[in-house]
Structures are given as C-alpha cells and as structure tokens.
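One structure is given below, encoded as structure tokens.
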Amino acid sequence: MKPKPLILLTCSESEKIPLSVVRDLDRMDDGDPEVPPQFACACGGAMYPEYYKGVHGYEYRIEDRLIKKEVAEDTRVEQ
C-alpha cells in the first residue's frame, strides 16, 4: 500500500506513513470519527494527513484543518 503523507502542523515537516498503519490506527481508535488518525512529532506538534479517507467513510484534508486553524486564530480575543 502506498504511504500517505502526514504533515506536521507546527514545524511543517512531512513524513510518509504506510496506509496500512494509518488504517490500523483508525480501526483501533474509539474516539471521535471526525478526527483522523494522528501521530505526534518530536517537536510536540500533531501530524495531520494530507488526504485520507477513513474506515468510517470520513474524508480528511489538510486544507480543511488549516482553514479551521486560521479561523480559530483570527477569532481569538486579546485580553
């Protein structure tokens, strides 16, 4: 199976994880099915799939995550 690129949201690095590993993690995860399988980077950041269609039928795209992150940052109120 072709490795799927996972993008690190904090340091912008990329790592290719075999699709079989990503799917295994997806099947074992009892959490929110709207959140894709994620790994942690040595920098402490979250790795998010560039594109992944999960075992429950959800599709995850890095663009969607980046847009949500930008909106969240834009809506923060300075105190």
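Yes or no, residue by residue, for (1) acidic (Asp, Glu); (2) surrounded by 15 or more Cβ atoms within 10 Å (Cβ to Cβ); (3) at pLDDT below 85:
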position: PHE39; (1), (2), (3): no, yes, yes
position: GLY44; (1), (2), (3): no, no, yes
position: TYR48; (1), (2), (3): no, yes, yes
position: TYR52; (1), (2), (3): no, yes, no
position: ASP64; (1), (2), (3): yes, no, yes
position: ALA72; (1), (2), (3): no, no, yes
Only residues in region 11-35 that are free of Cβ contacts under 8 Å to residues at least 24 places away in the same chain and acidic (Asp, Glu) count as the first member; pair them with residues that are outside any helix (DSSP H, G or I) and surrounded by 13 or more Cβ atoms within 10 Å (Cβ to Cβ), Cβ under 7 angstrom, at least 6 apart or cross-chain, and list the lot.
ASP29/PRO37
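The values are calculated or read from the model by the stated rules, or taken from the named source; none is laboratory data. No experiment lies behind these values; they were computed from the predicted model shown. Every residue, glycine among them, receives a Cβ derived from its backbone with ideal geometry; neighbour counts consider all protein chains shown.
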